Each structure stands twice: as structure tokens, then as C-alpha cells.
Amino acid sequence: MSPDLPAALRLAADRLLEGVARKGLAERSAKISSGYRGGETSRAVVTDQADAVAYVLSRLPATYAADAFVFAEAQRMAPDFAPKRLLDAGAGPGGASWAALETWPGIDAATLLDSSRPFLDMAARLAGEGPQALQNANFLRGDLTAPSTDWPQADLVTASYALAEIAPARQAQTVQALWTATDGMLALIEPGTPDGYRRILAARETLIAAGAEILAPCPHALACPLTAPDWCHFVQRLPRSRDHRLAKGADLPFEDEKFSYLVAVRPGVATQPRTARILAPPRVAKPAITFKLCTPAGAAALTDIPRRDKAAYAWARRLDWGDALP
């Protein structure tokens, strides 16, 4: 999947900017970024529609790109999985829902759940330009830390950049509630920081204990072989529009979004065999390409593909950080 926003979502986002002062958006974007870095929740940093517009401009492209990466890998690993119902928990302005519909266009019922009224209003506004399932979506206000029977069952459940806003002592309860709502696949995406990785790792333990099958990125259900200061994360490069650069105060025409993720499925979902996963940028040297791998045996290992093995070297040159070996 392309990391670019779908054309309809990009158009809807552009319409938000009509008649809006770019300087004010940049100031709000900086405030939002500072708040998130300081550990504040969305309810504290996105307080009105102007804040929501600033978030769409500065952060939605990157979170969408990470979601698209994760869903594309989930689809590759479970090619026959065809969800009809979506629950986007902690939906924000709905980027994960758009990415899910791009990946699985057969989704015909969607629920976007968030505790922030400005975010839900923004998600509904953007959805007006989207697929029918988003136009007809249920925009449900609710707190992820207080799971209730209002949460609908769904074939696909996702929580994108949401666990970070939940106190550590309550995260396991939330992950369990998300899994309970999942009839097929659960995808969790977090910032690609050591803290984001730790949240994913804790969620992984909760899900394995609940009987989930880990689909990606891990090729096994054993203990994670990485030790501090190392951590499991990946990267997605995405282009920046002119307004995106202005909002971020950035000069580069692209952004590298780092994220950690986990995809788990119910045992009945048909999946592909697990193979070793590339955990870092490949090191290309004159004699060989070196991959840092997480293997199905539960180990982290370095593997060299020598240049003299022309066939293997040719396919190795096409692989990148985050890919699974053929």
C-alpha cells in the first residue's frame, strides 16, 4: 500500500485549510506535539476543532502511513481474511479506519470510538468524503479505560497510537477488552520509541495468555529476544506537502515515521507460515548484505547474504527493514 493519504482523504483535509491562517495552524501543531511529548492525552491537547484541524495537518499523514504499513503486512500474512466489521478504538480523526478500508474495501460496517468530541466530529467530517462504510459509520464517544457493552464485536479491531494515553496499570485491561471485541484480527500500533515498544510487548504477553495467535511482526510466540537498549520498531517514509512542512516547521520533503506494532488473530484465521523478520536497516557492504533478524526459533541473529551467491543476493537487495524473509 502507498503511504500517501488516499485522494479523497487528502481532498477532505485540504478543504479544512480553506480560509485558515497557516501561522496559527503551525502554532497549534507545535503545542499539540509538545503536549504529546510531555505525556498529555488527546483530551488535554486537542480541545476544539481548530486543534483537530492542526492535528490532521501535522500528524494524520504519518499515523495513516504507519497504519497502512501494518495493515498491508497483515493482509500479506492472512490473504484470505476478509473483514466486514471494523472497530477503530481510540480513532482520533479516523486515519486507521481509512487505511483499513484501503486494505480491505469489503468492510461495510465501521465504528469509530474515541473519548474526544473534537476528534469524533473531525472524523465524521472527513468521513463525508470517504467510502460508504465511513460515511455511514457509528461515531461512538467512549473511554478505552472503561470498556463497556457498548463496544460492538468486529472482525477487525485496531487501536492506533491509543495505548500511550492509558495509564500503565490499566493497559492490560484495555487490551483484554479489545481482544474480547475481536472476532478475527486485532492490530495495535504505537510510536516507535522504547516506551511504545514496551507497551506493545506488554500487550503481546496479555494476548498470548488469552490464546491469541501472534501474526506479525514476531515470527514466534516465545519471549522477545531483544534486550535494552535495543527495541523492536520499524519505519515508514512518507512525502510531506507544503502545508505539512509549514505545520511541522520542517524543510525536508519527506518524513520518517517510526512505530512499533502487533497483529494478533483468532486461531481460526488462516495465515501464512512465519519467517524471519528484518529488525533494522540492512547493512550493504562489498562482500555481503547483513540482516539483523528475529527468527522463528525466537532468537535475534545476524545473517550475511554473500555477493557471490548471485540469486540470493539479488532478492536480498529488494528487502528492507520490516520485511519478512521469503
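The values are calculated or read from the model by the stated rules, or taken from the named source; none is laboratory data. Here the structure is a predicted model, which is why all the values come from computation and not from measurement. Note: ideal-geometry Cβ built from the backbone for every residue, glycine included; neighbour counts use all protein chains shown. Surface areas here come from the heavy atoms of the whole protein model, side chains and all, with no ligands, DNA or RNA. Shrake-Rupley method; radii C 1.70, N 1.55, O 1.52, S 1.80 Å.
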Task: Scope the stretch 258-279; condition open to solvent by 20 Å² or more (accessible area, probe 1.4 Å) and touching a helix residue (DSSP H, G or I) at 6+ places or on another chain (Cβ under 7 Å); matching residues - done: Thr271, Gln272
Task: Failed condition for Asp309, given (1) under 23 Å from Val235 (Cα atoms); (2) surrounded by 12 or more Cβ atoms within 10 Å (Cβ to Cβ) - done: (1)
TODO: State which residue is nearest to Tyr261 (Cα to Cα) when the search covers only the stretch 131-162 and only residues that are of a type in the set (Ser, Thr, Tyr), assigned to a loop (DSSP other than H, G, I, E, B) and touching a residue at least 12 places away in the same chain (Cβ under 8 Å).
DONE: Tyr161
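Matching residues to (1) within 27 Å of Tyr55 (Cβ to Cβ); (2) in contact with a Leu (Cβ under 8 Å, 6 or more places away or on another chain); (3) modelled with pLDDT under 95:
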| site | (1), (2), (3) |
| --- | --- |
| Leu188 | yes, yes, no |
| Pro194 | yes, no, no |
| Ala209 | no, no, no |
| Leu222 | no, no, no |
| Arg240 | yes, yes, yes |
| His244 | yes, yes, yes |
| Gly249 | yes, no, yes |
| Tyr261 | yes, yes, no |
- [ ] Inspect all residues belonging to the stretch 200-210 and state whether any of them is in contact (Cβ under 8 Å) with a residue 12 or more places away in the chain, more than 26 Å from Ile278 (Cα to Cα) and of a type in the set (Gly, Ala, Ser).
- [x] yes
Task: Enumeration of residues in the stretch 304-322 that are under 21 Å from Ala216 (Cα atoms) and not in a loop (DSSP other than H, G, I, E, B) - done: Ala316
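If a residue counts only when it is more than 23 Å from Gly196 (Cβ to Cβ), which strands (runs of 3 or more DSSP E) contained entirely in the stretch 207-296 have at least 2 such residues?
Numbers: elements: 213-216, 234-239, 254-265, 288-294.
Per the criteria, 288-294.
Taking Pro282 as the residue in question, decide whether it is open to solvent by less than 40 Å² (accessible area, probe 1.4 Å) and in contact (Cβ under 8 Å) with a residue 24 or more places away in the chain. Steps first, answer last, please.
Numbers: open to solvent by less than 40 Å² (accessible area, probe 1.4 Å): yes; in contact (Cβ under 8 Å) with a residue 24 or more places away in the chain: yes.
Considered against the rule, which asks whether it is open to solvent by less than 40 Å² (accessible area, probe 1.4 Å) and in contact (Cβ under 8 Å) with a residue 24 or more places away in the chain, Pro282 comes out as yes.
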Open item on the list: As an exercise: evaluate Leu293 against (1) surrounded by 12 or more Cβ atoms within 10 Å (Cβ to Cβ); (2) of a type in the set (A, V, I, L, M, F, W, C); (3) in contact (Cβ under 8 Å) with a residue 60 or more places away in the chain; (4) under 21 Å from Ala223 (Cβ atoms) and give the number of the one condition it does not meet.
Closed with: (3)
